Amino acid sequence: MSRQVWFITTPIYYPSDNLTIGHAYTTVAADAFARYHRLRGEEVWFSTGTDEHGQKMERAARDQGLLPAALADRVVSGIRELWATLHISYDDFVRTTEVRHERVVQAVFEQLKSQGDIYRGEYTGFYCEPDEALWLESRLVDGKCPDCGRPVIRLTEDSYFFRMSRYQDRLLQYFRDHPDFVEPQSRLHEMIKFVEQGLEDLSVSRQGLSWGIPVPGDPEHSIYVWFDALLNYLTTAGYGSDASRFARTWPSNVHLVGKEIVRFHAVIWPTLLMALGLPLPDRVFGHGWLLLEDTKISKSRGNLIDPNMLVARYGVDAVRYFLLREVPFGADGSYSEKALVRRINVDLANDLGNLLHRTVAMVTQFNGGVVPPYRAGLETPSLRRAAELAVVEVEEAMDRLELHRAIMGVQSLVRAANRYIEDRQPWALHRDPAARELLDDVLYNLVEVLRVTAILLSPFLVETPTRIRRALGLAEAGTAWAEVAWGGTVPGCVVKSGDPLFRRIDTHEDDDRAEHPMAPEPEARAARPSVISVEEFRRLDLRVARVRECVRVDNADRLLKLTLEIGEETRTVVSGIAAHYAPADLVGRSVVLVANLKPATIRGIRSEGMILAASDDEGRLSVVGPWSGINSGSRVT
Ligand code: ME8
């Protein structure tokens, strides 16, 4: 989609307490999108901020013996520091207590009132303070908040109402006409169901609550905190203050939010915009939660994990990488320090760090540190193709907001380059004077693939790309997405060895490699299995199988589903190797199948057998197959 400005938002967070790794999750994701689009030369407006009014803030301040404004000031300065620590490249930080925002909220309130979309009445219902959500009795579940299951408070008070019911049919029609408006799709269906149950008018003011924006002309009432908060997106776009910026920036491209506040963004927000006669955002993306032992990490649950501490311990890029890579964007996923360390050790230190280290060492040892000339036509297409595929994979994944998949695309490239070193064996070429040009070619390709990798990683990581370029002796500044085209490294650069990109973190737990459902238990790896007889071995029916199709398994980022041909027979096998191979790497290849393994159902898919793979202590994994062409179905003995 071509747009004037890519407008990307995070929710504005309650500054009632310090933020958690969960808030960092959304914000780092938004930052990655913003960086990606800037890198592509697009103009970006990336906003974040704080939602400072409401009952929850008032109570938190009271509990600490502070005025709400003082609490907000204190927490907001910590939030700004956190975003600096995580290198969040926002263009605007909007606080709902700023005059520029209060003006927008009051102007919108007045406009809707004057056009008959806001009227006065009496509200009888319930209030969930942690969510700042109003509920009619009919929506409660067992007398509790239907969203979070916590107790609600009964309210009966004079109130202003927004005629939301008036927009029910238009909203449903909008959902039907714009099936990408709410993503992932499952959340759109939830919203459709919710609206089909009937949209009631929404109470948009609270009586006697002093900490809020006053209703214009009726200061006894303050404006409901969600009405106030949602309008932050208009404030930051320049609504009512900078008409030309607003015209270029609105509508927003994507509101990134956690799944628990999709309803506010996909029901209340579009109906307010309809009432204002403004275009609707392109997308509301509701990502999943980071969980700690199956429970959402949150301030109100008190299980917060301090992102500052993680960055201090592991570095900004390791934390950003983990947040973006670990959990499929959209699904819930678990946070654990062990998983973070595994990502650092396997993906960053081992795969990426080693590739750089080996490349710099080989250019130094075999060519005096100078990147050799590029001989068009000589380069081995496989690595170039892998790089070109990775670019497409990252682009497609970013269009679909699949951050984890974009990073997996880069990972496959790094792994392909490590395999390329094993295949080409530059040390052997170095010993053979006749292979000089081939060696130059291999070294150039490795530098080139790292240069491309550094660009592909730039939306996600903030220090590593520069460090890679520095180690390769490339210019540090001025990187643009277009430079991913193969062949950009200028021969003659002088590489520099330096500190490792990522240091491996010592861990005594060796279950890192259990990514692979068929990987042996750590104990089995340590001790060799006991001796077996030939008869026992013969009980295994090992067959050569050809991979006909291969796809990723939805919501299981380690699993691939393979369709195998074994002679005349076709079988499905699920294998935990998605972190090591992209589906396209496997199609057409021959593998070895344990054909008489008892079938198992994995993620609802019946898996009939297991393919063999070798894995080493450094986290590498290699699928095992025949050395030369042989018919599928052949027995392996
Ligand atoms: O809801 N996992 O603010 P808030 C994933 N002020 N994301 C998480 C998370 C977790 N464990 N914990 C927090 C509000 N988040 C309102 C928003 S917008 C107009 C007003 C992220 O401080 C996620 O994006 O409770 C979630 O939606 C947001 O923080 C909630 O932040």
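No lab work stands behind these numbers, since they all come straight from the coordinates. All figures in this text were calculated on a predicted structure; none of them were measured in a lab. Virtual Cβ from ideal backbone geometry, glycine too; neighbours counted across all protein chains shown.
Ordering of 26-36, 188-198, 558-568, 256-266 by packing is 26-36, 256-266, 558-568, 188-198, highest average first (other Cβ atoms within 10 Å, averaged per residue). Kindly provide the Kirkwood hydrodynamic radius of the stretch 337-484 in Å, to one decimal, from all pairs of distinct alpha carbon atoms. 15.8 Å is the Kirkwood radius here.
Using the Cβ atoms and a cut-off under 13 Å, what net charge is assigned to the surroundings of residue 176, where Lys and Arg are +1 and Asp and Glu are -1?
On the way: positive: 170; negative: 169, 177, 180, 196.
Once all neighbours under 13 Å are counted, the net charge is -3.
Bridgeable lysines around residue 338 (alpha carbons under 21 Å apart, same-chain partners fewer than 8 residues away excluded): 296. At q = 0.05 Å⁻¹, what is the log10 ratio I(q)/I(0) for the chain, with the Debye formula run over Cα points and no solvent? Computed log10 I(q)/I(0) values: -0.28.
Bridging of residue 193 to aspartates and glutamates at a Cα separation below 20 Å is possible for 137, 142, 147, 169, 177, 180, 183, 201, 260, once same-chain residues fewer than 8 apart are set aside.
Tell me the angle of helix 168-177 to the major Cα principal axis of the chain, expressed in degrees between 0 and 90 and rounded to the nearest ten. Here the helix axis deviates by roughly 20 degrees. Relative to the longest principal axis of the chain, what angle (0 to 90°, nearest 10) does the C-alpha long axis of helix 381-399 take? The angle comes out at about 10 degrees. Starting from the Kirkwood Rh over alpha-carbon pairs, what translational D in µm² s⁻¹ does the stretch 6-287 have by Stokes-Einstein at 25 °C and 0.890 mPa s? For the chosen part, D equals 127 µm²/s. Global size of the stretch 214-333: 18.2, 53 Å for Rg and Dmax (C-alpha atoms, Rg to one decimal, Dmax whole).
Partner aspartates and glutamates whose Cα lies under 12 Å from the Cα of residue 56, excluding those fewer than 8 positions away in the same chain, are identified as 17, 129, 131, 132.
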